[in-house]
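Bear in mind that the values in this text are calculations on the coordinates, not laboratory data. Note that the structure is predicted; figures quoted are calculated from it, not measured. Here the Cβ positions follow ideal geometry from the backbone for every residue, glycine too, while neighbour counts run over all protein chains shown.
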Amino acid sequence: MNSEKISSIVLAVLVAIAAIVCVLFCVGGSEEAVYSGEAFEAPNYTGAVLNVVYAFFGLAIVATVVSAILSFFVKLKNDKRSAYTSIAMIVALSLLCGITYAIGDGTPLNMPNYDGNENVEGSLKLADMCLYSIYTLFVLAVVAALFNVTIAKSLNKVK
């Protein structure tokens with residue numbers, strides 16, 4: 001069995017799991033819950049949806065790290081410069097995450113009627129890290145796209 005067939009099977013299984021959990025969430029009913037004296041409808045399978053999202057996120061991280069490591073060793077045999085460039089990108093992304101985590105604000109928020117345990121420094125800094133990383137990568141993508149268009153136009157004028 002080749003890797004393309006395995007990838008297709010894994011994709012189909014993951015999509016099926018996501019579809020089943022989505023259908024359960026949408027049609028699985030709800031129950032009335034009371035939080036801080038106020039009643040609201042809470043879907044029965046919210047926890048299942050969150051668990052599937054966490055599992056998929058973990059799988060994506062593991063797959064990314066494993067494929068980056070394997071790609072590094074394959075490229076190292078053929079093209080050392082390309083191998084070191086791919087490792088440099090992983091290091092740059094890790095540095096970005098570290099820097100954005102460090103500059104994140106961990107001051108607990110004033111949230112009336114919230115009794116959860118996520119309003120702590122680590123969770124807040126992690127949320128800031130995600131947001132700041134997204135903002136930074138978005139700006140870099142726009143700059144790269146504009147730079148690419150500018151270079152392409154200037155190369156077409158030269159020809």
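Quick notes on this one:
- Likely footprinting exposure, 118, 41, fewest C-beta neighbours within 10 Å first: 41, 118
- Charges were assigned to the Cβ only: +1 to each Lys and Arg, -1 to each Asp and Glu. The resulting dipole of the stretch 1-78 about its Cα centre is roughly 800 debye.
- Rounded Å value of the spacing that divides the Cα centres of the stretch 43-66 and the stretch 69-118: 18 Å
- Shown here are the Rg and Dmax of the Cα trace of the stretch 1-78, at 19.2, 65 Å.
- Stretchable slack from residue 142 to residue 33, in nm (0.36 nm times residue separation minus alpha-carbon distance): 34.8 nm
- The ellipsoid equivalent to the alpha-carbon distribution of the stretch 1-141 has semi-axes of 37, 27, 10 angstrom, derived from the gyration tensor eigenvalues as √(5λ) and listed largest first.
- Exposure proxy order (Cβ contacts within 10 Å, fewest to most) of 73, 25: 73, 25
- q = 0.20, 0.21, 0.27 Å⁻¹, the stretch 79-159: log10 I(q)/I(0) [Debye, one scatterer per Cα]: -0.96, -0.99, -1.14
- Once both labels are positioned 7 Å from their Cα atoms along Cα-to-Cβ, the gap between residue 41 and residue 149 label points is 4.4 nm.
- Sum of side-chain charges, residue 87 neighbourhood, beta-carbon under 14 Å (Lys, Arg +1; Asp, Glu -1): +2
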